[in-house]
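The values are calculated or read from the model by the stated rules, or taken from the named source; none is laboratory data. All figures in this text were calculated on a predicted structure; none of them were measured in a lab. Virtual Cβ from ideal backbone geometry, glycine too; neighbours counted across all protein chains shown. In case anyone asks, the SASA skips ligands and DNA or RNA and just uses the protein heavy atoms, side chains included. Shrake-Rupley method; radii C 1.70, N 1.55, O 1.52, S 1.80 Å.
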Amino acid sequence: MNEEPQNKKIGAALVVGAGIGGMQTALDLAESGIKVYLADSKPSIGGVMAQLDKTFPTNDCAMCTIAPRLVAIGRHKDIELITLSTLKNIHGDPGNFRVTLHKKARYIDETACTGCGSCVANCPVRLKPQPLNGESIIQLAPEVKERVDQIIGEHRHRRGPLMLVLQSLNAAYNYFPEDVLRYVALEMRIPLTQILRVATFYNAFSLKPRGKHLVNVCMGTTCYVRGSERLMDKFSDALEIKLDETTRDMQFTLKSVRCIGCCGLAPAVMVGEQVFGKLTAREVPGIIQKYRTVT
Ligand code: FES
């Protein structure tokens, strides 16, 4: 009997599904000298495991398990990835199958794409002004438009203008009215989704109208163990609002924060820019009174 040379390719295999099982199968087959086609219906490989933090029962980091395999597959000369594809039909006999795959369009040139994400930020479809409540034009009151135009004009030629514009709008309105954000998106040619990502990330910004004075009760660990929950209850009772609500006279909005950076003064509360440290529930009515009288 003739011995086969060790490195001789003995065929090709199709692995359907590029989850952790499919990936390992593809690697094992390729390592044994078989050409592998690894197909998956998703745009990328990794399957459910790529979405996990830890895996049962060892509590191993999922990404630490999957990352070396992702790299190995990407670099392996005998593994060909066929993503965005589903199996249409298969016929033939063992050793000689013919398979038809249905491949969806990816709409990008995979050989040219570097994964920089610029196409997402500059997508011409998303940059189109979106209608507001059925209207095709964003209409701002003349004085609002003038103010917003002025703010945009001040910052649009500076580096990273979005944050500067949002800070100025926040200073002017204390929150971001929806039609103002849409107008900014249109004028600055920045996708609204990108603006909302920034506007909703920072605690200092709000999409809802807020009171003149922002009461931030620190619920960070140090303040919490020193009784900030009692302070929160006291503010809530005294202002007759719940967390994240605003008083009817638009004077106070009650918020919580995770550490305001002065743990030595715990429990701490910030009203506007002023920090009140080592605060007791008994002092709360006095603080509210002080700000109520400041108009
Ligand atoms: S935990 Fe409250 S200031 Fe740090």
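Okay, here's what the table says:
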read-out: In degrees, nearest ten, helix 142-155 long axis to first principal axis of the chain (Cα); value: 60 degrees
read-out: Translational diffusion of the range 12-103, µm² s⁻¹ [Kirkwood Rh, Cα pairs; Stokes-Einstein; 25 °C; 0.890 mPa s]; value: 177 µm²/s
read-out: Rounded tilt (10° steps) of 161-173 against the dominant C-alpha axis of the chain; value: 30 degrees
read-out: Residues of type aspartates and glutamates that Lys145 reaches as a straight line, Cα spacing below 12 Å, ignoring anything fewer than 8 places off in the same chain; value: Asp179, Glu187
read-out: Reach of Lys104 by Cα under 25 Å, taken over lysines that are not fewer than 8 positions away in the same chain; value: Lys35, Lys42, Lys77, Lys88
read-out: Pairs of Cα atoms farther than 15 Å apart, the range 213-293, %; value: 47 percent
read-out: Low-density loop positions, trypsin sites (Lys or Arg not before Pro), the range 1-108 - DSSP coil, at most 12 other Cβ in 10 Å; value: Lys8, Lys9, Lys77, Lys104, Arg106
read-out: Within the range 12-103: Cβ-based charge dipole about Cα centre, in debye rounded to nearest 20 (Lys, Arg +1; Asp, Glu -1); value: 280 debye
read-out: With every protein chain in place, the chain: carbon and sulfur % of accessible area (1.4 Å); value: 53 percent
read-out: Only Lys, Arg (+1) and Asp, Glu (-1) charged, at Cβ; the chain dipole about Cα centre in debye; value: 420 debye
read-out: Antiparallel %, DSSP beta bridges [both residues in the range 213-293], to 5; value: 55 percent
read-out: Virtual spin-label span in nm between Asp249 and His157, 7 Å along Cα→Cβ; value: 4.6 nm
read-out: Calculated P(r) tail over 32 Å for the chain, as whole % of Cα pairs; value: 57 percent
read-out: Qualifying lysines (Cα of each under 23 Å from Cα of Lys234; at least 8 residues distant if same chain); value: Lys212, Lys242, Lys255, Lys278, Lys290
read-out: Residues of the range 210-230 with amide N under 12 Å of the 7 Å Cα→Cβ point at Arg292; value: none
read-out: Selection from Ala112, Leu101, Thr280, by position along the positive dipole direction of the chain (Cβ); value: Thr280
read-out: DSSP beta bridge pairing in the chain, given as percent antiparallel to the nearest 5; value: 55 percent
read-out: Pair-distance profile P(r), taking every C-alpha pair of the range 71-113, with 10 angstrom steps and integer %; value: 21, 36, 35, 7
read-out: Listed residues Phe176, Ala13, Pro142: farthest to the positive end of the dipole of the chain (Cβ charges); value: Pro142
